[in-house]
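Worksheet: one structure, shown below.
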Amino acid sequence: MKRMHQTMLFPDALREFTFAKSYEQIVQLLQDYPELDEYVIPILSLMSTLGLMLEVEKAFGETSETQERVIEIVDPATIEILQQKPTARETAQTINLLISIGRRNPAVFTEEACTMLKILAEGDIPANLKPKLLRYHAALRASRDSGFDLEWALKKKREAEWVDEDWEKADQQSEQMKAFLLAPNVESARAVVHQSHWLEPYLEEGGLSFSGEDLSLRHGLAHALWEKSWCRVRRTVREYAELTTPRAWEVLDQFAETAKKHQKKQTVHEVLAIKFEYFSVLLKKCAEQGVDRVFLEYANHFVA
């Protein structure tokens with residue numbers, strides 16, 4: 001059954017969330033309406049894209065139907081604007097601009113971002129900004145209806161980025177540790193290691209218990225460390241209380257030390273050392289400052 005769009009469930013909360021002016025307000029809304037976390041990354045991507053679109057339009061005046069602007073991204077810090085003869089209407093021009101700029105922030109091509117842009121455009125904003133945002137919303141809706149969605153944007157972003165193939169393979173290989181952490185007992189863990197020999201140091205040196213003592217912690221780590229979605233990582237940390245206890249970063253710090261010891265042997269250990277250290281710091285901060293506040297501060301790290 002298709003999920004009912006969340007805006008139908010709490011339109012007032014989403015409107016307040018869209019125009020929130022402080023961490024405290026956002027944190028409270030996330031606590032009252034946990035489903036709002038699905039809008040965090042889209043609004044960050046949306047704001048980044050809108051800022052650049054407005055900047056581009058300001059550079060050479062309002063778009064018009066007598067002159068089409070074609071935008072070409074030259075490099076991450078440069079936008080080249082080419083003038084061509086008129087061939088499209090205003091909305092088509094805006095779609096061109098949106099697709100060129102927005103694909104650097106793929107989550108802008110989501111239904112959540114489209115909904116929030118509509119709320120922004122219809123909200124209490126300066127009169128000169130309202131028609132622009134309404135035009136941007138029409139362009140975003142038309143783009144999504146034409147197949148320029150999140151999947152398309154992620155594909156384009158991957159094609160545009162330089163990726164170290166060895167590092168990418170090592171990152172994929174590191175996901176084998178998820179099965180290792182989810183092993184119900186030491187015998188099952190050894191069976192996983194038998195299939196992936198590079199995991200052996202973590203069984204012998206990692207200091208992790210495969211008895212019932214660390215079971216919930218292991219499951220929490222397995223689900224948190226390899227999630228790509230900000231809201232799913234946040235939900236996992238909120239669900240597993242063990243992740244915000246000293247035992248969690250004790251295990252992560254020991255695993256990071258093990259990974260560093262073996263990183264010259266295989267790239268996968270280098271990848272894992274970074275991951276373990278990152279999450280150790282993140283979870284310590286969550287314990288000290290609260291999960292929602294810390295994850296809001298770290299949200300930009302998850303913007304695709």
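The values are calculated or read from the model by the stated rules, or taken from the named source; none is laboratory data. None of the values given here were measured: they were computed from a predicted structure. Backbone-built Cβ (ideal geometry, glycine too); neighbour counts: all protein chains shown. The accessibility values were calculated without ligands, DNA or RNA, using every heavy atom of the protein model including side chains. Shrake-Rupley method; radii C 1.70, N 1.55, O 1.52, S 1.80 Å.
Some notes on this structure:
- Percent carbon-and-sulfur accessible area, region 137-233, ignoring ligands, DNA and RNA, probe 1.4 Å: 49
- Cα gyration tensor shape for region 164-303, rounded if a/c is under 1.5, else prolate or oblate: oblate
- Selection from LEU29, ALA139, ILE41, by position along the positive dipole direction of the chain (Cβ): ALA139
- Karplus 3J(HN,Hα) series, Hz, for region 24-39 with 6.51 cos²θ - 1.76 cosθ + 1.60 (x for Gly, Pro): 4, 5, 5, 4, 5, 5, 5, 6, 6, 10, x, 5, 5, 4, 5, 9
- Per residue solvent-accessible surface (Å²) - the chain, probe of 1.4 Å: 53
- Highest average packing first - 185-194, 256-265, Cβ atoms within 10 Å: 256-265, 185-194
- Sorting 12-20, 274-282 by average packing, meaning the other beta carbons within 10 Å per residue, from highest down gives 274-282, 12-20.
- Annotation: peptides 121-134, 35-48, ranked by per-residue average of other Cβ atoms within 10 Å with the highest first, follow the order 35-48, 121-134.
- Under the Karplus curve 6.51 cos²θ - 1.76 cosθ + 1.60, θ = phi - 60°, whole-Hz ³J(HN,Hα) for region 251-262, x wherever Gly or Pro sits: 5, 5, 5, 5, 5, 5, 5, 5, 4, 5, 5, 10
- Within the set (1) 6, 26, 36, 24, 6, 1, 0; (2) 5, 23, 26, 22, 15, 7, 2, 0; (3) 6, 26, 32, 23, 11, 2, 0, the number that P(r) over Cα pairs in 10 Å bins from 0, in percent takes when calculated for this structure is listed as (2).
- In region 164-303, taking the dipole from charged Cβ atoms about the Cα centre, the farthest positive-side position among ALA224, LEU199, GLY290 is held by GLY290.
- ³J(HN,Hα) computed for each position of region 145-151 - Karplus, 6.51 cos²θ - 1.76 cosθ + 1.60, integer Hz, glycine/proline x: 5, 9, x, 8, 10, 4, 4
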